[in-house]
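What follows is a short report on a single structure.
Computed from the coordinates by the stated procedures, all read-outs in this text should not be read as laboratory data. None of these values were measured; they are calculated from a predicted model. Because the Cβ atoms are built from the backbone with ideal geometry, glycine has one as well, and the counts that use them run over all protein chains shown.
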Amino acid sequence: MAVKSISKRRSAVQSVVLPLIFGAALITAWQTGLLHILLNTDEYVLPYPTRIITIISENTDKIMVNVWASVQVAVLGLLLGSLLGYLIAIFAATFPKFGSGGLTIVSAFNAIPIVALAPVIINWTKDVSSEAEVRSTFAKIIVVTVVSMASMSVNAYRGLTELPVFSDDLMKTYAAGRLTEFTKLRLPNSVPYIFTALRVSVPGSVISALVSEYFAEYVIGVGRQIRENILIAQYSTAWAYIVTACIVGIVMYAILMVIEALVMKKRK
Amino acid sequence: MKVIKKIIGSKLFITLVWIAVIIVIWEVLAFRVAEVKRTPENVLPHLTGVVDSLTSSKTINGSQTALEMVLENAGATLSRAALGYVIGIASGFVLALLMSLSGIIEKIAFPYLMLIQLIPILGMAPIINAITGDIAISRIVIAAILTFYPVAANTLAGFKAVRREAHELMYSYAANKFQLYTKTMIPACIPYFFTGLKISAPMAITASILVDTLQGGIGLGCLLSQSLKGAMTRYVFWDIVFFSAVIGILSFYLMGVLEILLCPYKRLEKKGR
Amino acid sequence: MRFSKKTMAAMLAAAMIVSAVSACGSSSGSTGTTAAAATSAAATTAAATAGSSDSGAAMSDSDRIIAAAQAGKVGNWGLGNEYEIFALLTKYGQENKFLSQAFDMDGFDDDSITLASAMTYNELGLVKNSYEGGYGYGDTVDIIDMNNEGVAMLEDNLFTTKAFAEANPNTVKAFVSASMKGWKYACENPEEAAQIVFEAGSSVSSDHQAYMASEVKKLCETDTNGNKVTDYGKMDENAMQQTLDLAKQYIKLDDSTAAEKLKSLTLDDIRSTAYWTDASVGKFDAPEKKDVSIQLKWLPQAQFMGYFVAKAKGYYDEVGLNVTIVSGGGDIGETTAVNNGTVDFGVTWVSNLISANAGGMDLLEIAQVYQRSGLVLVYKK
């Protein structure tokens with residue numbers, strides 16, 4: 001028992017320390033120019049970490065404005081899309097005959113490339129508000145909504161319908177109504193599937209928020225900054241925003257992990 | 001047999017009903033848009049207009065009609081997608097295998113596997129282009145990067161799921177590691193592997209359309225962005241939107257069919273029903 | 001009970017469908033206002049012009065710029081195309097802000113942008129003309145010209161890297177010589193040039209291509225002051241200096257190292273007239289590198305007709321070059337592509353070359369094809 005817990009603890013420590021060592025090695029190779037030799041590139045396209053950090057620290061205020069704009073879009077779109085996706089899944093589970101066909105349609109949205117989707121949606125939402133900032137934000141949120149809807153609806157549908165063996169029959173022997181069956185059996189059963197969906201759609205929401213900014217009328221956001229700077233050949237600044245985008249993604253993912261851990265713990 | 005046919009038939013029917021509903025809504029709105037915009041095709045064209053643009057024999061550039069153009073460019077994009085997909089699958093599978101074989105590799109690689117899907121890879125495209133020195137190779141590499149995560153993650157989940165029971169059983173047979181993997185682990189994780197394949201097939205296609213837009217040349221994404229930038233009729237844009245949606249769905253089903261063809265367990269499952 | 005739940009689910013579904021198409025819904029709702037605007041613009045042209053003529057008399061260009069800037073309705077594509085707009089806004093004491101304009105003119109059409117950026121040879125033609133893709137505004141629109149406002153920055157040029165130019169001087173001279181011969185022919189025969197570009201694979205409609213060629217000709221043959229230019233590709237010292245000065249003022253770089261470098265740039269850091277001078281008198285030997293490529297700034301269209309003509313007419317073959325023309329318009333910009341050696345030459349705007357050199361590239365302009373700014377702000381009269 002004691003041996004086991006020690007080995008478990010060691011394993012936990014390892015899973016933190018080993019990636020950190022790898023990361024440190026990578027950054028060292030990057031800073032010393034070894035990475036440039038390996039990848040056959042120059043310090044212009046791949047600036048040194050110190051330069052990137054300098055730019056981030058010199059422009060913190062501006063970067064935070066852009067981060068806030070992107071995070072807003074990603075989070076609101078994610079929430080709205082997941083909610084809609086879940087409602088579609090409920091609908092599909094309630095009317096399996098019509099629902100599964102509807103699910104196919106929803107997942108078809110996933111097959112439309114976001115570079116095509118974003119300009120279309122921005123065109124469709126032109127008249128939401130006379131304020132460019134408002135209608136741009138709205139359009140970007142809708143893009144993220146559509147993207148995160150599909151993964152949630154497909155996964156939640158599985159969670160609502162793939163029930164443990166006999167549980168359905170058990171509910172019937174208790175003479176439970178459909179509402180009881182839904183709240184006591186289907187809903188809890190779908191919770192892990194919700195998190196499966198979110199693990200896909202959280203990174204997806206960040207990326208699609210960044211891409212939707214490319215096309216938006218109101219010029220703001222981390223994605224827009226990456227693109228502007230690359231097109232005017234400011235790679236160091238572009239890198240500063242790429243690193244920022246990664247951090248945003250990681251933080252959002254970490255928050256999801258914490259929420260998942262809390263929820264799953266409670267369920268046990 | 002009859003029952004299966006009936007189910008397929010009815011599901012198809014329902015999907016068709018859904019499509020019909022969407023078409024009706026689309027057309028109603030298209031009529032509204034046509035009334036009030038000078039260039040309605042930029043916002044919401046009539047579906048008949050989209051179909052017309054595909055069947056019309058009018059040439060868009062010097063020599064090709066819209067349909068010929070879309071098909072030729074689709075050929076280029078889809079072949080790049082297929083190549084990137086295969087590379088992504090292979091590297092995803094190998095990485096999952098390595099991670100399953102060695103705890104150390106798993107611990108090192110796992111956080112970075114997560115990280116890859118958090119990187120705005122499109123923003124890094126010029127950097128990848130600078131490294132590979134060739135736009136065609138960059139496009140394939142980016143498509144591979146974008147598709148490899150679902151395969152790796154799902155395959156790894158498969159290995160983990162079967163590890164315990166399989167281990168115990170095979171140890172009792174005194175099997176070595178090679179036998180353990182070839183006889184049980186790999187076959188057992190195939191369903192998970194296919195789940196990854198199904199998720200990433202449409203992704204490979206959207207990814208290669210996306211990377212087409214990085215630079216000119218031949219490809220659906222190039223056409224799409226040219227049409228969007230007014231270099232040709234806007235209907236080409238709509239043609240590609242519909243075309244890519246259809247191809248994306250087909251690719252998903254293609255993987256399902258492949259699974260049934262290649263894997264005995266699926267056929268058994270079908271018969272069992 | 002069971003029934004009501006079913007209806008509830010159905011209602012939820014209905015809500016979902018509604019929200020899924022809410023985008024379309026809102027656009028249809030909105031159409032009420034734009035409908036009125038569009039019909040009044042199209043049908044009652046007479047009334048519109050009458051209205052504009054009395055308000056137009058009162059409204060000068062400066063009033064117009066200030067009004068649009070205050071309302072936040074000045075449009076530009078951004079991505080390095082915005083500096084002349086900034087200079088103009090500053091001239092009239094306005095904040096340097098613009099709305100990101102899509103690559104069509106829908107925003108101008110529906111009045112979300114009242115002063116829209118347009119290139120004389122491209123978007124302006126679409127706004128005015130009524131061929132396919134056009135909006136057919138005809139003479140109901142007017143323009144504010146950057147050249148007349150004194151904020152012109154030079155656009156389409158020809159460039160390579162300093163290293164390439166030093167290693168392959170004869171290739172560069174031969175390429176400039178043949179390209180400028182192509183430009184000369186194209187400007188003398190714009191209609192034929194448009195046809196050549198179309199046949200080379202451009203998908204821009206023949207009508208618009210012909211319009212574009214005729215407008216591009218004007219940019220190649222007139223300088224910022226409206227004087228005629230006869231030397232194709234000449235680098236006008238004053239116009240170049242004005243471009244550099246405006247660039248220093250309006251290109252804002254977050255990277256402090258790059259920002260400092262920008263301030264210290266001189267004309268000699270961004271261009272060399274030597275290659276063009278030798279090329280124009282045919283003073284060069286056999287090219288060092290024979291297979292070369294050029295990346296355009298945008299999609300293949302008459303904007304770049306000189307290169308297509310030089311290729312089609314065999315001018316490149318005459319000087320011993322085998323040229324590949326690479327289309328632009330993607331996220332891998334022409335400056336990046338030339339800098340990393342995936343292509344040898346590029347067409348870019350002078351301001352983009354300046355910011356690239358500030359960022360650490362070592363690019364060199366070798367010819368200036370457009371002698372004046374092609375950027376205008378278009379408005380409804």
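Each peptide in C:198-211, B:194-207 gets a packing score, the mean of other Cβ atoms within 10 Å over its residues, and the list from highest to lowest is B:194-207, C:198-211. Across all Cα pairs in the protein assembly as shown, the calculated P(r) in 20 Å bins from zero up to the longest distance comes to 13, 44, 32, 10, 1 percent per bin. Think of the protein assembly as shown as a dipole: +1 on every Lys or Arg Cβ, -1 on every Asp or Glu Cβ, centred on the Cα centre; then among C:A358, B:M124, A:T28, A:T28 lies furthest on the positive end. Calculated on the Cα set of the range B:170-233, radius of gyration then Dmax: 22.0, 68 Å. Can you tell me which of A:L117, A:L76, A:L26 moves the most in a GNM of chain A? Springs connect C-alpha atoms under 10 Å apart. Residue with maximal mean-square fluctuation among A:L117, A:L76, A:L26: A:L26.
For chain A, the normalised intensity computed at q = 0.08 Å⁻¹ comes to -0.46 (log10 of I(q)/I(0), Debye sum over alpha carbons, equal scatterers, no solvent). Using the Kyte-Doolittle scale, find the helices of chain A whose mean hydropathy is at least -0.5 and whose Cα atoms extend 24 Å or more along the helix's long axis, counting only whole DSSP H runs. Span-like helices here: A:2-31, A:60-94, A:132-161, A:187-215, A:235-267. Overall, the ratio between the Cα radius of gyration of the range C:87-127 and 2.2 N^0.38 Å, rounded to two decimals, is 1.27. Taken along its principal axes, the alpha carbon cloud of the range C:99-170 reaches lengths of 52, 31, 23 Å, longest axis first. State the Cα centre-to-centre distance between the range A:43-58 and the range C:192-246 in whole Å. Answer, in whole Å: 38. Considering only Cα atoms, the convex hull volume of the range A:1-46 works out to 63 Å³ per residue. In the range A:157-268, the C-alpha radius of gyration followed by the widest Cα-Cα span (Dmax) gives 21.3, 69 angstrom. Which of B:V86, B:V17, B:V43 moves the most in a Gaussian network model of chain B with Cα springs under 10 Å? In the Gaussian network model the winner is B:V17. Using the empirical formula 2.2 N^0.38 Å as the baseline, the Cα radius of gyration of the range C:154-275 reaches a ratio of 1.27.
For chain B, compute Rh as the Kirkwood radius over C-alpha pairs and then the Stokes-Einstein diffusion coefficient at 25 °C and 0.890 mPa s; write the answer in µm²/s, rounded to an integer. Diffusion coefficient, whole number: 114 µm²/s. Counted over all Cα-Cα pairs of the range B:53-110, pairs farther apart than 18 Å make up 58 percent. Here is what passes the span test in chain B: the DSSP H helices with alpha carbon length of 20 Å or more along the helix axis and a Kyte-Doolittle mean of 1.6 or above are B:2-36, B:235-262. Only lysine pairs 8 or more places apart or on separate chains count here, and in chain A those with Cα atoms under 30 Å apart total 18. Among A:L256, A:L83, A:L20, the residue with the largest mean-square fluctuation in a Gaussian network model of chain A, with springs joining Cα atoms closer than 10 Å, is A:L20.
Taking every residue in B:110-118 and counting other chain Cβ atoms within 10 Å of its Cβ, the average works out to 6.
Computed over the alpha-carbon atoms, the range C:262-306 gives an Rg to Rh ratio of 1.06, Rh here being the Kirkwood radius from the mean inverse distance.
Over the range C:157-374, what portion of Cα pair distances is larger than 28 Å, expressed as a whole percent? Tail of the P(r) past 28 Å holds 24 percent of the pairs. Note on the range C:287-381: Cα Rg divided by 2.2 N^0.38 Å, N the number of residues, gives 1.20.
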